[in-house]
Structure formats: structure tokens, C-alpha cells
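Participant: Following this message is one structure expressed as C-alpha cells.
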Amino acid sequence: MLSAFDRSLLATYLMPHLSRVILLAALLCGGIALQLANPQIVRAFIDRALAGQSAAELVDVALLFLFVAMLTQAASIAERALAENLGWQSANALRVDLARHTLSLDDRFHAEHGAGELLERIDGDVAAIAGFFSRFVVQVLGSGLFLIGMLVLLLRADWRIGLVLTAFALAALLFMQRGGGFVARRAVAARQASARLIDFVEERLGGLPDLKSSGADGDTMRRLDERLAARFQRMRAAAQAGSLYNATVGVLFILGTGVALALGVALHEAGAVTLGTIYVVVRYAGMIRQPLEQLSQQMHSFQQATAGISRVRDLLATHPAIAATSGHPLPAGALGLAVDGVSFQYGAEPVLREVTFQLAPGEVLGLLGRTGSGKTTIARLLFRLHDLAAGAIRLGGIDLRETSLEDLRGRVGFVTQEVQILHATLRENVTLFDPTVSDDRLTALFDDLGLAPWLAALPEGLATVLGAGGRGLSAGEAQLIALARVFLKNPGLVILDEASARLDPATERYLTGAIDRLLNRRTGVVIAHRLATVDRADRIVILDEGRVAEEGLRAVLAADPTSRFAQLRRTGVREDLA
């Protein structure tokens, strides 16, 4: 039985293609009628030939047979092409919706579910559902009609043969259903092993530098071997089960055809049936396999699709912890920032405690503090990657919770230390595949950021293909690309988590100039790892264990020898900011 969610999926993704669904049903029913008709034409040919009819009459029957056979093949080809097209279009629409929904979920969800698992849900599960979209209802009804029509015709030919083959069909269907379920369970186990392997490899490749530096190569290879062995065992078990099932079904239908032939010959010798009827019996006995296999296959496909549908339902039922709103739009231009009594915790561990500070539009804040003091957490709260436990954050006088996420993230630019570089051209990396951005605009953007010489030094300019994960780029060059992305969207607030890695002098020069231009006439929050970075700041906030230890104008704090900021400037200890 189809659940309410199954029916909802069918309605959502098939109703836009209703005309093609109707055409598919018509092609399938027409193909069934043609397949059932052709053995009857051969039967008439045999009986008429034995009755001594003229060659001209026999030629007419033969031509009719050829015409029906060709029409059957044409209907089959059209039906398969239409079903595949319909299935993939519907499945791809579901993939897009799942991917969009997954991207809307918060960091906690992505921390709990690896990339391999999500890929399996969005691609593997939906691939299993594709057949459900394209063929399940139509194919099950069609196969059922085909089988019923065939058995009715056999009963009309001879009731004894009809009853024997009906009993055989039911027994064969039961066996195929049980055996197919055995095969399907092993196929699912193999797919799960593949998903775990993909997840493991992707995770280890992402942490390759740390693995090498910690000498964990050997342990990684050992665990990779374990997963490869587990995947091989499950793939082999699935292949063996499939081979055994196919061989057994083949033998079963050979026996069924043999029984039908023996029964037909016995009845023919008794004068109960004609030779043409024997042909029809044997032909239909062989054809019984097709609808039975289709019914069994669709039942197993439905079982697999049901598992996939269940996981898809669970994924779609997962809601982001941050509720989307469609409230007040943020004002244009530089955005004033007010952080008022903000507290936040990860689980039971407090990270921020009653943090308060303000920035006027166009001011730049230097955010200092040791690792774990809460600097990055503040940045993530400003971008609303988490919601507050207490207090309020206002941009342009509007509470973050009262504006839409789309508007917020369009007006706030966030440059993190870990810049995601895609295996694509520089142009595509900066525009994130937006085709509406012209090359002239990008060239002007790099010029405005003072990066024209850096762009000119690239072998293909904007068409230079970058390696996945920033392969071949330094940390500073990756941040240059991130700055260009943010500059392109023209935000009112820029959050910059400065690269903590040592930079070569040329890249540092480019980066310093680009940051200055990006922050010009914009409000900025700079998470600093070097004191030189905050020379451009108007205000300073120093965090200590989640509290504001010091806050004020940079010039005032620098002139006060008793301030923490002045002490940091005197010592110049980088580790105090790491």
C-alpha cells in the first residue's frame, strides 16, 4: 500500500508531467495487447497451414505478424524512453529540493551527518526512487493486466492447461518475491558499505596535512583496508546472491515450459487441442516470465524505494534550528552593529557571557583574545549560523531574528580562515557560478581591490582553473579569492577571520591592500591574530573566557599604558592572540 507520503511524492513530482504519464500508460497497455496478439496470429497461421489454406491467405497472416511485431518493438522503445525521461526528470527535481533543504540545515546537522551519508541520500536513495516515479504504478498495473490476459487466453484455449499454468505462475511469483528480497537486502548492505567508504575517504582527504604531520598514515591505511574489505565482501555477497537467483529462476521457467509442452502434446494426442494451440501454450508459458519478473522487480524496487523514501522523508522532516523569517529588510549602506548582553553556549558549556559592544556605521572593530575566548562564536552569531541563548544583536537597528536569512546573508560578508576553493575557474570561484557577472565587472573588481597585478600574473587570468580545496594556492591567495567574493556582493558589514598562517611578503601586501579597500566605507569586524591587523580598527574588544575584558577606542586604549591592549602592543606576543 502507498503511504500518504508516497502519494504526496507522486503528486508533487509527477503531476507536472501528467500528460506524459497518461501517454506512458497508453503505450504500456497498447504494447501488452500487441504482445498477447502475436502468438494468436502464429496459432492461426499454423492451424490454417495444416488445414490446407492457400498460400495467399497464409502470406496475409504472416504480414500481419510482422506488422504487429514491429509495432510491438516500437511501442516498447517509446515506452522505455518516455519512462526513463519521466523518472529522471522527476528524480532530479527531488534531488534539487533535497540539496536545497540540506543546505538550509544548520551546522549541528552537518556535524552529525557526513558528506558520504548525505550524498547517498541525495543521489543513491533518489536513484532508487526514480523507478518508483517512472514505472511503479504503470508497470505493476500493466504487468498484472498482461498476466491476467495471458491466463484468460490460456483458459479459453484449454481449462486444464490454464489451471496448471495459473498455479505455476503463482508459485513462481512467490519464489521470485522471496528470492528477490534476499538479493535486495544484500544490495542495500553493499550500498551502505560504499557510503561508509566514501565518507571515510572524503574525511581523511580533508585532513591530509594533519594526518601526515601526526604520523597517522599507517592507521589510516589500515582502517581504509578494513572498509575496502567490508565493501568487497558485501559487493561479492550481493553479486553471488544475484547470480544464484537468476540461475534458479532460469531453471524454474525451463521446467515450467517443459511441463506446458508435455501437457500440450498429451492433449493434442487425445485430440483435445490443435497444434497451433500447443504453440500458443508453449509461447505463453515462456512469456509468463516477463510479467512475473516485472511484478517481482517492481515489488523489490518499491521496497528499496520505500527505504529511500523513508530516509528522504526523515531528511525533509529535519528542520533547521534557526527558524527562517521574512521580517524587516536591512537598510542600505554601512550597517551599525549593537551587541547587547549576548550569551551563548555549545551544549552545557558556556562560550559567551553577557557580551556587549557597539559599532557605528562605517567603523571597524578589532576583536582580540586567546583561542577559545569566543571570537569565532561572535562572528558566527553575527552571520546567524546559531541563535542566541540570551541578549540581542542588532544590525542597522534591526534585531537579526526579525530579518530574513536571505537578506541577512546578502548584506553581511563573512571571510573565514578555511576558504572553500572549488575545482573550477577563478571566475567561477569568485562568482560562485553566477553567469550574469561579466568579465569586465570582475576585472574592475580585482582592480578596485588592488589585485590587478596578482590577476595578471595568473597563467589564464580569470579562466585559470583552480584545484579543489585550494590545491596549489597559499592560504593568503585563498583569502584573496574570498575577499573578492565578498566585495562582489557589496555587503554593509564585513566579518573577517584573519588568516593565522604565515604569509609570504608579496601575498601579505596584496591581502593588506585588499582588506583596506574592502573595509572602506563599510562596517567591519576583524578577528585578529596579529597586532598589525588592528591598526586599521577604530575600536577594540578583547575577550577573555567569553567575557569582554576590555573595550574602547583603539587610539584611547593604545595611549593608556595600563590597558591590556597597550600591554599587548608592548610585548607583541603573537601567542596571546592565537
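The values are calculated or read from the model by the stated rules, or taken from the named source; none is laboratory data. Remember, it's a predicted structure, so these values are computed and weren't measured experimentally. Note that each Cβ is placed from the backbone with ideal geometry, even for glycine, and that neighbours are counted across all protein chains shown.
Participant: Looking only at the range 392-410, which residues are crowded, with 18+ Cβ neighbours inside 10 Å, under 30 Å from the mean Cα position of the chain (by Cα) and part of a loop (DSSP other than H, G, I, E, B)?
Facilitator: Thr403
Participant: Condition first: assigned by TED's automatic domain parsing to the domain that holds Ala307, surrounded by 16 or more Cβ atoms within 10 Å (Cβ to Cβ), touching a Gly at 6+ places or on another chain (Cβ under 7 Å) and not aromatic (Phe, Trp, Tyr). Can you find one or more residues in the range 96-116 that meet it?
Facilitator: No - not one qualifying residue is present in the range 96-116.
Participant: Any residue in the range 288-295 that is at pLDDT 75 or above and over 30 Å from Ala171 (Cα atoms)?
Facilitator: Looking through the range 288-295, none of the residues is at pLDDT 75 or above and over 30 Å from Ala171 (Cα atoms).
Participant: If we scan the range 352-369, do we find a residue that is outside the structural domain of Asn520 (by TED's automatic domain parsing), surrounded by fewer than 16 Cβ atoms within 10 Å (Cβ to Cβ), in contact with a Gly (Cβ under 6 Å, 6 or more places away or on another chain) and not β-branched (Val, Ile, Thr)?
Facilitator: Scanning the range 352-369, I find no residue that is outside the structural domain of Asn520 (by TED's automatic domain parsing), surrounded by fewer than 16 Cβ atoms within 10 Å (Cβ to Cβ), in contact with a Gly (Cβ under 6 Å, 6 or more places away or on another chain) and not β-branched (Val, Ile, Thr), so the answer is no.
Participant: From Ala475, Ala514, Ala482, Ala463, grab the single residue that is over 28 Å from Thr371 (Cβ atoms) and either buried (at least 18 other Cβ atoms within 10 Å of the Cβ) or not hydroxyl-bearing (Ser, Thr, Tyr) (or both). Walk me through it before giving the result.
Facilitator: Values: Ala475 fails: over 28 Å from Thr371 (Cβ atoms); Ala514 fails: over 28 Å from Thr371 (Cβ atoms); Ala482 fails: over 28 Å from Thr371 (Cβ atoms).
Just a single option satisfies the conditions, and that option is Ala463.
Participant: Just for helices (runs of 4 or more DSSP H) wholly inside the range 416-533: which have at least 2 residues that are more than 30 Å from the chain's Cα centre (by Cα) and not hydroxyl-bearing (Ser, Thr, Tyr)?
Facilitator: On the way: elements: 426-431, 439-448, 452-457, 475-489, 505-519.
Ranges flagged: 439-448, 452-457, 505-519.
Participant: Then there is this: Tell me which of these Ala51 doesn't satisfy, since it passes every other one: (1) of a type in the set (A, V, I, L, M, F, W, C); (2) within 30 Å of His319 (Cβ to Cβ); (3) over 53 Å from the mean Cα position of the chain (by Cα).
Facilitator: Unmet condition: (2).
Participant: Looking at Val430, is it touching a helix residue (DSSP H, G or I) at 6+ places or on another chain (Cβ under 6 Å), farther than 18 Å from Leu103 by Cα and either modelled with pLDDT of 90 or more or surrounded by fewer than 15 Cβ atoms within 10 Å (Cβ to Cβ) (or both)?
Facilitator: Yes: the conditions hold for Val430.
Participant: Is it the case that the range 90-99 has a residue that's under 24 Å from Tyr279 (Cα atoms) and in contact (Cβ under 8 Å) with a residue 12 or more places away in the chain?
Facilitator: Checked the range 90-99: no residue is under 24 Å from Tyr279 (Cα atoms) and in contact (Cβ under 8 Å) with a residue 12 or more places away in the chain.
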